[in-house]
1. Provide the gained length on full extension for the span Arg134 to Asp168, in nm with one decimal, where the gain is 0.36 nm per separating residue minus the Cα-Cα distance.
2. Based on the alpha carbon coordinates of the chain, what radius of gyration and maximum Cα-Cα distance (Dmax) apply, in Å?
3. Could you sort the peptides 182-189, 240-247 by per-residue average Cβ neighbour count (10 Å cutoff), highest mean leading?
4. Can you give the convex hull volume per residue for the Cα atoms of segment 215-291, as a whole number of Å³?
5. May I ask for the equivalent-ellipsoid semi-axes of segment 3-101, computed as the square root of five times each C-alpha gyration tensor eigenvalue and listed largest first in whole Å?
6. Name the residue, out of Ala42, Ala173, Ala260, whose mean-square fluctuation peaks in a Gaussian network model built on the chain with Cα pairs under 10 Å.
7. Run through all the Cα pairs of segment 114-238 and give the fraction in each 5 Å bin from 0, expressed as whole percent.
8. Give the peptides 123-133, 50-60 in descending order of average Cβ contacts within 10 Å, highest first.
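All of the numbers you see were taken from the coordinates with simple rules; none came from a lab. Keep in mind the model is a prediction, meaning the values are calculated, not measured. Quick reminder, even Gly has a Cβ in these numbers, built from the backbone with ideal geometry, and neighbours come from all protein chains shown.
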Amino acid sequence: MSNSQRNTLNLEQCEIISHDHFGGDQHLLRLNAPQIAAEAKAGSFVHLKTDPTHPLRRPISIMRVSQREGWIELLYKVFGEGTQELTGRTVGEKLSLIGPIGKPFAAHMARPRTLLIGGGVGMPPMVFLADELREIKGAYQPFVILGSEVPFPFTARPSQIIVPGVDDDVIGAMPLLEDWGIPSRMATKQGYPGCLDGYVTDLARQWLDVLDEEQLKEVEIFSCGPHPMLEAVAALAKEYHIPCQVSMEEFMACGIGGCAGCVIEVQTDTGTEMKRVCVDGPVFDARQVFG
């Protein structure tokens, strides 16, 4: 881990401001974490102690921050004992967090048509990135695609923002993004109203297919979600000759680069290297991971 990464890690005891619960065993935490909020970037995460009696921390992506008010939001899904314990933590209690950790997404102004694709618990970094991009007034035109096979952790509403190429009946949008003026659409195989009956890549293809050659040169893709989804997104980006950054999801023990328990194979200019998802990532060039 580089010195710069060490300098940006904070250990904070963070008070729970709110803890909301949604279908599909999904939960949204807002925490008072001014040090982490001041330094977090889209794609970075925290390593959270779910319960004082549980020795191992859990990595959770950051969905939103307010530097001014000093809070962060974390959306998580129950996967095991630790996250199940976390669901019982209440407003006013404190949680131990280390963060922000990891290399974030990096948008490039030469490609202002940013396509953000999030699946499941990979949705939060896309929301965070959309928030960052909208703060750079007029520089980017983000379009967010969200996918889930359990109920979405928000109540979708009909979008008032037209998205060229997308089927007219695919109209459901994330209210937060809609309020920000950022177009979003949803995909699922579960038949949820307003969603495309298909995969996030099907929805992305509808949008990409109406862009001309010059417009495609302005597109950059960012994605986070389960491994099969990221592999499909990487293949789509390769097909359309579009640069793509992916945030990898791996099990982590220490979360700060010491244990090497989250290493993956990455192709570099000098050959295959083993990289730690926690500190060398979690964001990588899709071509380096998937070819």
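1. Here the answer is 9.7 nm.
2. Taking only Cα atoms of the chain, I get Rg and Dmax of 18.4, 56 Å.
3. Sorting 182-189, 240-247 by mean packing, highest first, produces 182-189, 240-247.
4. Hull volume normalised by residue count: 87 Å³.
5. Calculated on Cα positions only, the semi-axes equal 20, 15, 12 Å.
6. Fluctuation is largest for Ala260.
7. 2, 11, 23, 26, 22, 12, 3, 0
8. Output ranking for 123-133, 50-60: 123-133, 50-60.
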